[in-house]
Amino acid sequence: MTDFSNGTAFIEDKFVPISEAKISILDWGFLHSDATYDVVHVWKGKFFRLEDHLDRFFASMESLELSVTYSRDEMRSILNDCVKKSDLQNAYVELICTRGQPEKGSRDPRTCTNQFIAFAIPFVWVTKPNTSLNLFISQRQRIPTESLDPAIKNYHWLDLVMGQFEAYGKGCETVALVDKNGNITEGPGFNIFVIKDKVITTAATGVLRGITRKTTLELAKAKGYEVIETDISPESVRNADEVFATSTAGGIMPISTVDNVTIASADVGENGAGPMTQLLQTAYWSLHDDPRYTTKVEY
Ligand code: PLP
């Protein structure tokens, strides 16, 4: 019997075990990082904010002149079945659209047949649960908005990956890149938030509009916190009361150390989170039981 226990992919119109999902090396998704993707998670048998992820995926495809033959309803059902086949309660679910291959002998992207791929694997964490991150602030510039709008979710990750190597060299776990003015943008797979004197800030531009970022902004506003989307200098991160990262792959994740110096939070919990971060974390996971934000997987 086919073993789907490590995950399931949908590729070339078929469901296959994740280890058997392969694309051609001639697909421009591989050769040129010419692709878009989105990642939604399933927690305790429910998709979290599935419609927001589908909205973003379709918007990214449109911005990149990509299109696929699957409708939104068909995609929803494919994602459901990827999770179902592997019987995953907590899953990391990815949708991908690659440019595909051009007609033989052509370099014209308009001749490519775009490919839709999806997969579900067991949940992946940016950082282990109940731990905090040691962030390195690199001077490396994130690909600028003028080159490629980071609101389009993309695989142009070499700046982020090289930044990770810099961080490891400094004894840190992960990295934040800056924009052309030296302000903080984002890290490999996460947005960054800073809290100072109870005011919450996050970068307004030059970043992916993370769904977890959006959720955090909504939760913070609902709690009556002051929230500002603005430029964030490296100094304001180093002098913050609390710092955290947000991602579908882990939610709200405390950053307790910046450039190997501990952040000055008055009341740090066991997981390295300051008091407001803890409240937001709790609220974030509570939303995973709220039917307004969740879609049950049909197993
Ligand atoms: N920034 C980048 C570059 C990302 O790749 C991601 C997620 O993969 C995020 C931010 C966080 O976005 P989300 O909260 O939608 O997972």
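The values are calculated or read from the model by the stated rules, or taken from the named source; none is laboratory data. For clarity, every value in this text was computed on a predicted model and none was experimentally measured. In this analysis, Cβ positions are derived from the backbone assuming ideal geometry, glycine residues included, and neighbour counts consider all displayed protein chains. The accessibility values were calculated without ligands, DNA or RNA, using every heavy atom of the protein model including side chains. Shrake-Rupley method; radii C 1.70, N 1.55, O 1.52, S 1.80 Å.
Details
- Remark: pairs (first residue in segment 108-119, more than 14 Å from residue 78 (Cα to Cα); second residue in a strand (DSSP E or B) and open to solvent by 30 Å² or more (accessible area, probe 1.4 Å); Cβ separation under 7 Å; 6+ apart in sequence or on different chains) are absent.
- All conditions but one from (1) under 16 Å from the mean Cα position of the chain (by Cα); (2) under 29 Å from residue 32 (Cβ atoms); (3) open to solvent by less than 20 Å² (accessible area, probe 1.4 Å) apply to residue 184; the one that does not is (1).
- Within segment 235-251, the set of residues being near the ligand (Cβ under 10 Å from one of its atoms) and buried (at least 22 other Cβ atoms within 10 Å of the Cβ) comprises 245, 246, 247, 248, 251.
- Tally of residues being hydroxyl-bearing (Ser, Thr, Tyr) and within 11 Å of the ligand (Cβ to nearest atom) across segment 156-206: 2
- Top-ranked residue in segment 239-270 [being touching a residue at least 24 places away in the same chain (Cβ under 8 Å) and of a type in the set (D, E, K, R); ranked as nearest to residue 121 (Cα to Cα)]: 270
- Members of segment 30-74 that are of a type outside the set (Lys, Arg), crowded, with 20+ Cβ neighbours inside 10 Å and closer than 13 Å to residue 93 by Cα: 38, 40, 41, 42, 47, 48, 50, 53, 57
- Counting only residues that are more than 30 Å from residue 137 (Cα to Cα) and either in contact with a His (Cβ under 8 Å, 6 or more places away or on another chain) or assigned to a helix (DSSP H, G or I) (or both), segment 263-299 holds 5 of them.
- Residue in segment 158-173 that is in contact with a helix residue (DSSP H, G or I) (Cβ under 7 Å, 6 or more places away or on another chain) and of a type in the set (Ser, Thr, Tyr) present: no
- Residue under evaluation residue 140, criteria (1) closer than 23 Å to residue 254 by Cα; (2) within 14 Å of the ligand (Cβ to nearest atom); (3) in contact (Cβ under 8 Å) with a residue 60 or more places away in the chain, criterion not met: (3)
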